[in-house]
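K.L.:
Got a structure for you, written out below as structure tokens; questions coming shortly.
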Protein chains: 2
Amino acid sequence: MQKIEEIIEYEFKNKNLLKLSLTHSSYSSENCNENLEFIGDLILSFIVGIYVFKKYPDKDEGFYTNLKSAYVNKNYLNSVAKKLGISRYIKYRGIKPSNFSDFIESIIGAIYLDGGLKKAERFIKKFILSNEMDPLIDYKGELVKVSRQLSGKLPSYKIAGEEGQLHNKKYKVVVSIEGIRKKGVGEGRRKKEAEIKAAKNLLQKIFPEKF
Amino acid sequence: MQKIEEIIEYEFKNKNLLKLSLTHSSYSSENCNENLEFIGDLILSFIVGIYVFKKYPDKDEGFYTNLKSAYVNKNYLNSVAKKLGISRYIKYRGIKPSNFSDFIESIIGAIYLDGGLKKAERFIKKFILSNEMDPLIDYKGELVKVSRQLSGKLPSYKIAGEEGQLHNKKYKVVVSIEGIRKKGVGEGRRKKEAEIKAAKNLLQKIFPEKF
């Protein structure tokens, strides 16, 4: 416990909160980190949102949302957890969790309940906001907006190809908008990845200057 | 301006923030309420989340999420806006906005930037949290979880009937889970409404004691 307090640079008054924040539901579904994660997620979104808004006063809501997403997402928070070495301190049963982003959120929730908003903010600024990030564009979401404007309908994704076996698959996806000739094409090891790339590809074809 | 300050029980140091919070993007896409809405939404989620967590210390994350949704959703916030009579003070061009929930959020953002978190919290507690609400269950989301557990796949929605003309349509939707005999049926004037009812119906059939 002392070790992890050194890592996160916060000393808990109530050590039980810290323990709880590191307990996966597989270990105890009654006393696990899920409630703290709920709280931590709200605090993280709030602090990061205000931060990006104040840092770039001349940008717009879309930019803020995308830059916030660059910080508040499972991939990035998992990389923060890995860097801090948090996985070694998780209590779990059975298969070890493969993504530790939830624990970053539950630690934030625990710090907030133990020490207040300022202390939680300090952790977020030091370990999460300290990296410069580019806005994370939600290409599929953007394409929905564009498609609604251009055709009044949703974009249509189709699998155009599937290669390889179970653990080595590759998908090819084509996306189109009704009434638009241009098509977006994307490949990836997961369907969703291929769809995102296809959406990005089509957005770039329609708005080369914007995407 | 003075009138609306009386209604919301907060006097702005910077009146421009209040004006901005009441300006729809149709009036000025450059100087409208969207950035304030971004901020306000984060603050609202944060304050409401902490409130439900502290009010019901023995509940779980699912309950907190659903009770938070009962307060933070377009329908409820629109009813708050109507009760306060905010629609009379909105600046817009063209068609009048039909839902005023965004302005509740932008007013919260404006109060926060003008007076800090405590003042924003005061507004939220007085006008939003003052009503007792029941948790708002996300039936479609719940059914996704159930379906993943039971079949490893997503539930399948099918339109089983469509009645009436353009502005008087009624949809009938049937939802099923692979490998499960029971089906959920729902009707509504919008497809989404029918889907939600179908999801609820199926959940009630599978777990009569829970839903």
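The values are calculated or read from the model by the stated rules, or taken from the named source; none is laboratory data. Predicted model, so just to flag it, every value in this text is computed and none were measured. Note that we place each Cβ from the backbone using ideal geometry, even for glycine, and neighbour counts take in every protein chain shown.
K.L.:
Can you tell me which residues in the stretch A:154-182 are touching a residue at least 12 places away in the same chain (Cβ under 8 Å) and among the hydrophobic types (A, V, I, L, M, F, W, C)?
P.N.:
Those that are touching a residue at least 12 places away in the same chain (Cβ under 8 Å) and among the hydrophobic types (A, V, I, L, M, F, W, C): A:159, A:160, A:173, A:174, A:175, A:177, A:180.
K.L.:
Which residue pairs have Cβ atoms under 6 Å apart, sit 6 or more places apart or on different chains, and have a first residue in the stretch B:21-43 that is within 17 Å of residue B:87 (Cβ to Cβ) and a second that is among the aromatic types (Phe, Trp, Tyr)?
P.N.:
Short answer, once both residue conditions are applied: B:22/B:89; B:24/B:92; B:26/B:92; B:27/B:92.
K.L.:
So which residues in the stretch B:31-65 are facing chain A (nearest Cβ under 9 Å) and of a type in the set (D, E, K, R)?
P.N.:
If the condition is that a residue be facing chain A (nearest Cβ under 9 Å) and of a type in the set (D, E, K, R), then B:34, B:37, B:41, B:59, B:60, B:61 are the ones that fit.
K.L.:
Now, a different point. Restricting to the stretch A:94-128, name every residue that is within 18 Å of residue A:29 (Cα to Cα) and of a type in the set (D, E, K, R).
P.N.:
A:96, A:102, A:105
K.L.:
In addition: Are there any helices (runs of 4 or more DSSP H) wholly within the stretch B:11-85 with 2 or more residues that are modelled with pLDDT of 95 or more and under 19 Å from the mean Cα position of the chain (by Cα), and if so which?
P.N.:
Output list reads B:34-55, B:61-71, B:74-84.
K.L.:
Also: Which of (1) modelled with pLDDT under 95; (2) within 12 Å of chain B (Cβ to nearest Cβ); (3) crowded, with 16+ Cβ neighbours inside 10 Å does residue A:97 not meet, given it meets every other one?
P.N.:
For residue A:97, the failing item is (2).
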